[in-house]
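Here the structure comes first, spelled out in structure tokens, and everything after it is commentary.
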Amino acid sequence: MSESVDPPRVVRTAGAILLNLNGMVGAGIFALPALLYLNIGSFAPVAILLFAIPIGCVAAIIAKLSTLFERSGGIQLYAETALGNFAGFQTGWLMICASTTGRAANFHVLVSYLAALFPVFEGPVARPVTIIALIAFMTLLGITGTRRSIGGIWIGTLLKFTPLVLLCLVGFGSNGFPGAVSLPSFSGMESVALLIAYAFSGFGASVTAAGETRDPRTTLFRSVLFAIGGVAVFYAIVQWAYIAINPDVGSADTPLAAAGQKLFGDWGAMMISIAAIFSIGTNQLSSFVVMPRILFGMGERRLLPAFFAHVSLRYRTPDHAILAYAGIVTIIALSGSFATLLPLLVAVEQAIFLMLLASLFLFWRRNFRGLRDAMGGVWLVIVPVATAMVLWMASQIPALAVLSLAGLAVLGAVLYWLARRAVAFERPAGVVAG
């Protein structure tokens, strides 16, 4: 007989919140303050809090649907259950495309930050070797235990948030809290709306690893809402601190490093740069924890070959799914092809959210697992606001990105057909080769 194990449920509420926090807070926070301030001035912190409301409505839908399931997959699982196998496969395919492309790009950003402090990491040989080493480290950490990965994320989170909190405290202590707020023009707000929305991307990361979460139906709901509220307040505080410090920035690329330079001198700029390295690193590691669970869940439910559903008997982690995910990231990162795919990420994310909204509607209509009975009057506000947000974001997508998204969907259909054939030819469950 074949041995089979399930990954243990080791992710608690704090760990789930941590996954969501690091899904959102990556490289963006280190460039966001200057970009917002240049466009809408002192209104920037208020704009962050205002835009957190419609984004929070989308997050609330993900949180609500997480109360219906206990297996890994997140939005991919919701779409598969509500819309069928083909839609579920396409959703998973698009999520993996977006995630692996984003990770590949961020590894290059991470190495660039490292090279700015330690030039040895730059160069035609050192850069790819460093990227491979980082991917190998995160893969090893992921395979040898989910609890160990969460521990690594805890350390990275402490090392990235501590300098930022110190910057804010000293900034307010030295310069006071900025009180005046000037209303921006409508065109200014429109120009930063997408920027703020992108800064919140990743708010539902933890639901993807539901199968390894303790009491997922309550834990994940709390973790998503707590994380997006906490990040919104944190982003606003950092923005206010940046305004209070008012650094002289020749370039908007490293505004927080410039703020650190003004407050603490050269070591302050280095402190913020190191924080950026840990911020990007923990954002990457968080993805290595949650995103392979999409492949694992699809393998479990036979949308992908059983290879992806394999669980390490020693470490009780979905080792094959983690290796496959790492392999895709490595290929994209070393090929450099992510540069042409990055404009697609926005289109892909909105397509995924449209699948989410469709899933919610069908679950509500069927009263799936009592969903309709559990939704009170507040959802008459949450759902329309979330829908308007997603439709508005979708309307901002360039036509070329839409065509590219259609091309990805066609490729996904081909892969679905190939995957179904591969599954059909597999040995029936429980049969072991002699």
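The values are calculated or read from the model by the stated rules, or taken from the named source; none is laboratory data. For clarity, every value in this text was computed on a predicted model and none was experimentally measured. Cβ placement follows ideal geometry from the backbone for every residue including glycine, while neighbour counts extend to all protein chains displayed. The accessibility values were calculated without ligands, DNA or RNA, using every heavy atom of the protein model including side chains. Shrake-Rupley method; radii C 1.70, N 1.55, O 1.52, S 1.80 Å.
Binning at 10 angstrom from zero up to the longest distance, how are the C-alpha pair distances of the range 29-132 distributed in percent?
Going out from 0 Å in 10 Å bins, the range 29-132 shows 12, 23, 26, 28, 12, 0 percent.
Given a 1.4 Å probe, how much area per residue of the chain is accessible, in Å²? Present the calculation step by step, with values, prior to reporting the outcome.
Details: 18450 Å² over 434 residues.
For the chain, the per-residue accessible area is 43 Å².
Any idea what Rg and Dmax come out to for the chain if you just take the C-alpha atoms, in Å?
For the chain, the Cα-based Rg and Dmax read 21.7, 76 Å.
When the Kirkwood radius is taken over all Cα pairs of the range 338-423, what Stokes-Einstein diffusion coefficient follows at 4 °C and 1.567 mPa s, in µm²/s? Let's see the in-between values first.
Working: Rh = 15.2 Å.
Answer from the Stokes-Einstein relation: 85 µm²/s.
Work from the charge dipole of the chain (Cβ charges, +1 for Lys and Arg, -1 for Asp and Glu, about the Cα centre) and give the residue of THR146, ALA347, ASN175 farthest towards its positive end.
THR146
If you plug each phi of the range 109-115 into the Karplus form 6.51 cos²θ - 1.76 cosθ + 1.60 with θ = phi - 60°, what whole-Hz ³J(HN,Hα) values come out, in order, with x for Gly and Pro?
Computed from phi, the couplings for the range 109-115 are 4, 4, 5, 5, 5, 4, 5 Hz.
Testing the spin-label approximation: label points 7 Å from Cα along Cα→Cβ at LEU159 and TYR198. State their distance in nm.
That separation, rounded to one decimal, is 2.7 nm.
How large, in percent, is the carbon and sulfur part of the accessible surface of the range 253-297 at a probe radius of 1.4 Å?
Working: 820 of 1260 Å².
Whole-percent figure for carbon plus sulfur exposure: 65.
Need one value: the accessible area of THR387 in square angstrom, 1.4 angstrom probe, rounded to the nearest 10.
Roll a 1.4 Å probe over it and THR387 shows about 40 Å².
With θ set to phi - 60° and the Karplus curve 6.51 cos²θ - 1.76 cosθ + 1.60, what are the ³J(HN,Hα) couplings of the range 367-378 in order, to the nearest whole Hz, using x for Gly and Pro?
Values per residue, Gly and Pro as x: 6, 4, 6, x, 4, 4, 5, 8, 9, x, x, 4 Hz.
Using each residue's phi in the range 120-135, evaluate 6.51 cos²θ - 1.76 cosθ + 1.60 at θ = phi - 60° and report the 3J(HN,Hα) Karplus result to the nearest Hz, with x for Gly and Pro.
Here the 3J(HN,Hα) series is 4, 7, 8, x, x, 9, 4, 4, x, 5, 5, 4, 4, 5, 5, 5 Hz.
Under a crude label model (7 Å from the Cα following the beta-carbon direction), how far is PHE307 from ASN246 in nanometres?
About 6.1 nm, to one decimal.
Add -39500 (n - 2.57) for each DSSP H run of 4 or more in the chain, then divide by its residues: what number comes out at 222 nm, to the nearest 500 deg cm²/dmol? Each step should come with its number before you reach the end.
On the way: 18 runs with 313 residues, N = 434.
Result for the chain: -24500 deg cm²/dmol, rounded to the nearest 500.
Can you tell me which of 326-333, 91-98 comes out highest on packing, and rank the rest after it, using the mean Cβ neighbours within 10 Å? Intermediate values should be presented prior to the final figure.
Values: 326-333: 19.6, 91-98: 23.4.
By packing density, highest mean first, the sequence is 91-98, 326-333.
How big is the charge dipole of the chain about its Cα centre, in debye rounded to the nearest 20, if each Lys and Arg gets +1 on its Cβ and each Asp and Glu gets -1 on its Cβ? Before the final figure, lay out the partial values.
Details: 25 positive and 16 negative charges, 234 e Å.
Dipole size: approximately 1120 debye.
At 0.36 nm per residue, and after removing the present C-alpha to C-alpha distance, how many nm does the segment from ALA424 to SER112 gain when stretched out fully?
Numbers: separation 312, 0.36 × 312 = 112.32 nm, distance 4.51 nm.
So the extension gain works out to 107.8 nm.
List every residue whose amide H lies under 5 Å from the amide H of THR213, counting only residues 5 or more places away in sequence or on a different chain, with H placed 1.01 Å from N in the peptide plane.
VAL11
Before anything else, pin down the relative contact order of the chain: Cα pairs under 8 Å, at least 6 apart, normalised by residue count, whole percent.
On the way: 622 pairs, mean separation 147.0, N = 434.
The value is 34 percent.
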